[in-house]
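Visitor: The structure's right below; bear with me while I get my questions together.
The values are calculated or read from the model by the stated rules, or taken from the named source; none is laboratory data. Worth saying up front: this structure is predicted, and the values here are computed from it rather than measured. Cβ coordinates were reconstructed from backbone atoms using ideal geometry, including for glycine residues, and neighbour counts include every protein chain displayed. Just the protein is used for accessible areas: all its heavy atoms, side chains included, with ligands, DNA and RNA removed. Shrake-Rupley method; radii C 1.70, N 1.55, O 1.52, S 1.80 Å.
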Amino acid sequence: QVDSVEHDTGWAQSVKEMLGDTVGNVKLHAVPPTAATPDTTVRSGRVGHTDLDFANYVSTIDEVGGPFDLVVVDGRARVDAFRRALDHLADDGVVVFDNIKRKRYWDVLSAMPGLRIELLKGGTPTLPYPTTTGLIWRD
């Protein structure tokens with residue numbers, strides 16, 4: 001079973017079209033952000049997204065359940081999504097965290113106790129420079 005939580009409804013629709021009839025074991029959850037308020041708890045550090053609330057997007061994993069053998073974090077509010085994913089990760093599960101060496105991610109994740117992080121550096125089709133992906137296990 002594959003569950004994908006997307007904040008970008010247009011991208012979710014594109015993925016759905018790419019999957020076509022093979023969607024049998026894939027469930028797409030399109031959860032767009034809402035306007036931020038003074039009480040907003042989940043924000044994104046990405047320019048152009050800082051005035052949005054991603055709480056519903058990040059908490060969708062609670063509705064889906066778990067435990068998960070694999071969680072990929074590659075969207076908005078990644079640190080919050082990662083923290084939430086840990087609550088649903090199988091004992092031997094792994095989190096794939098894209099662009100982990102970005103300062104806003106690395107400063108938080110590298111300081112979290114009880115994690116084992118393996119870094120994989122390489123090219124990516126959408127960026128003109130190499131990036132780093134992290135594989136993260138709980139110790």
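Visitor: Just the residues that are without any contact (Cβ under 8 Å) to a residue 60 or more places away in the chain and not polar (S, T, N, Q), please, taken from region 49-64.
Guide: H49, D51, L52, D53, F54, A55, Y57, V58, I61, D62, E63 - these are the residues of region 49-64 that are without any contact (Cβ under 8 Å) to a residue 60 or more places away in the chain and not polar (S, T, N, Q).
Visitor: Taking the conditions exactly as written (of a type in the set (V, I, T), on the phi < 0 side of the Ramachandran plot and in contact with a strand residue (DSSP E or B) (Cβ under 6 Å, 6 or more places away or on another chain)), does T60 satisfy them or not?
Guide: When the stated conditions are applied, T60 passes them.
Visitor: Restricting the search to region 98-119, which residues are touching an Asp or Glu at 6+ places or on another chain (Cβ under 8 Å) and either among the β-branched types (V, I, T) or touching a residue at least 24 places away in the same chain (Cβ under 8 Å) (or both)?
Guide: Listed by number, the residues that qualify are D98, N99, G114, L115.
Visitor: What's the number of the condition D3 fails, among (1) open to solvent by less than 70 Å² (accessible area, probe 1.4 Å); (2) touching a residue at least 12 places away in the same chain (Cβ under 8 Å); (3) of a type outside the set (F, W, Y); (4) out of contact with any Lys or Arg (no Cβ under 6 Å at 6 or more places or on another chain)?
Guide: Just one mismatch for D3, condition (4).
Visitor: Which residue pairs have Cβ atoms closer than 6 Å, lie 6 or more positions apart in sequence or on different chains, and pair a first residue in region 120-136 that is within 21 Å of L70 (Cα to Cα) with a second residue that is outside any strand (DSSP E or B) and hydroxyl-bearing (S, T, Y)?
Guide: T131/T124
Visitor: For region 66-76, how many residues meet the condition of being within 16 Å of V31 (Cβ to Cβ) and in contact with an Asp or Glu (Cβ under 9 Å, 6 or more places away or on another chain)?
Guide: Looking only at that region, the number is 5.
Visitor: Among the residues of region 22-32, are any touching an Asp or Glu at 6+ places or on another chain (Cβ under 6 Å), at negative phi and at pLDDT 90 or above?
Guide: For region 22-32, residues touching an Asp or Glu at 6+ places or on another chain (Cβ under 6 Å), at negative phi and at pLDDT 90 or above: present.
Visitor: Sort out which residues of region 4-23 are under 16 Å from V64 (Cβ atoms) and in contact with a Gly (Cβ under 9 Å, 6 or more places away or on another chain), and write them in order of number.
Guide: V5, E6, H7
Visitor: Still on this structure, I have one more. Search region 7-25 for residues being hydroxyl-bearing (S, T, Y) and out of contact with any strand residue (DSSP E or B) (no Cβ under 9 Å at 6 or more places or on another chain), and hand back the single one that is most open to solvent (accessible area, probe 1.4 Å).
Guide: For region 7-25, the residue satisfying everything is T22.
Visitor: Let me ask you something else. Identify, by number, the condition in (1) touching an Asp or Glu at 6+ places or on another chain (Cβ under 7 Å); (2) modelled with pLDDT under 90; (3) charged (D, E, K, R) that D51 doesn't meet.
Guide: Of (1) touching an Asp or Glu at 6+ places or on another chain (Cβ under 7 Å); (2) modelled with pLDDT under 90; (3) charged (D, E, K, R), only one is false for D51: (1).
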